[in-house]
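FYI, it's all coordinate maths here, none of it is from the lab. The model shown is predicted, which means the values in this text are computed figures rather than measured ones. Because the Cβ atoms are built from the backbone with ideal geometry, glycine has one as well, and the counts that use them run over all protein chains shown.
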Amino acid sequence: MGEPAKPGILDRLQARFGWFDHLVRAYQRFDDRNGGFFAAGLTYYTIFALFPLLMVGFAVFGFALSRRPELLSEIDNHIRAAVPSELGQQLIELMNSAIRARASVGVIGLATAAWAGLSWMSHQRQALTEMWCEQHSDSAGYFRTKLSDLVAMVGTFLVSLATLGLSALSHAAPMAAVLRLLGIPEYSVFGAIFQGVSILASLLVSWLLFTWMIARLPRESVSLVESMRAGLIAAIGFELFKQVGGIFLQAVLSSPAGAAFGPVLGLMVFAYVTAYLVLFSAAWAATASEDPRAKPVEPPAPAVISPRVQVDEGLGTRQTLTAMAVGAVGALAFSRLAHWRR
């Protein structure tokens, strides 16, 4: 027999480090439950939901411009100065026609945004539930489920805007504008303090957001304590990604090609990484209680030794007669064989 195979380097690392074993099990669960596929689908629904939101924003902008004709005239002058040809006049007419149709654009945008947002929230909850549970039952009715998705969607949208706004303050240009608005010198010590406070506040808001998503969006009851730990991991990764992504986006937008395609690609990457972080953190929380080393091993039951005494009574009468008959037949056969050889 050959020697048993030696464990690989990953097996040895898993046996030695508990955090690494947890990370591997979380990724295996994430991969087995098609986490990357869910993240890509959520990215699609995120981008799809942005277009009706832009329609709503444009309608709000149109209502604001309709009440301030002097601002509208100033925008027209800027367009004529930037695009002096007939294209500039066409842009002005297009803008004016869109402003006149602001009511219909707003209604269509709201209806489409509600439908796309509910689809996004439904798939988000399904993906998180899949990370937590192998099988789940949806006992709520259709309207109750949609109402719950609507409340969750509005809450997620508001908290996401808050954390993005707080993260934006940590960059140089927005922070300088806030300091000028408050009358504080730009190169004072308050700039660094406000920047650190804004990052911590954004991290706290992100932690609350991701904890709420991981713990409350699944359609089954899950562990709140593990969700809080997973939410903190997702918040730290999300904050690091925003800081690095902001620097990268500034470098990309400096070129003409980057200015044309950079925002769209950046938005897609941002949506995908965020969905990936949330789903992987949910898988991490779901595997926190599955570590076999964390479960106590029950000792085996005590062995019970009960000796039995059995008396050997020798051969019985039938067994003795049988043995004599077999011996006689064997002796007769042996003597016949010897006679034939002679």
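If we sort 156-163, 63-70, 196-203 on the protection proxy, mean other Cβ atoms within 10 Å, highest first, what's the order? Don't jump to the answer; show the numbers that get you there.
On the way: 156-163: 15.4, 63-70: 10.9, 196-203: 16.9.
The most tightly packed comes first, giving 196-203, 156-163, 63-70.
Going from the residue with the fewest nearby Cβ atoms within 10 Å to the one with the most, T145, T322 rank T322, T145.
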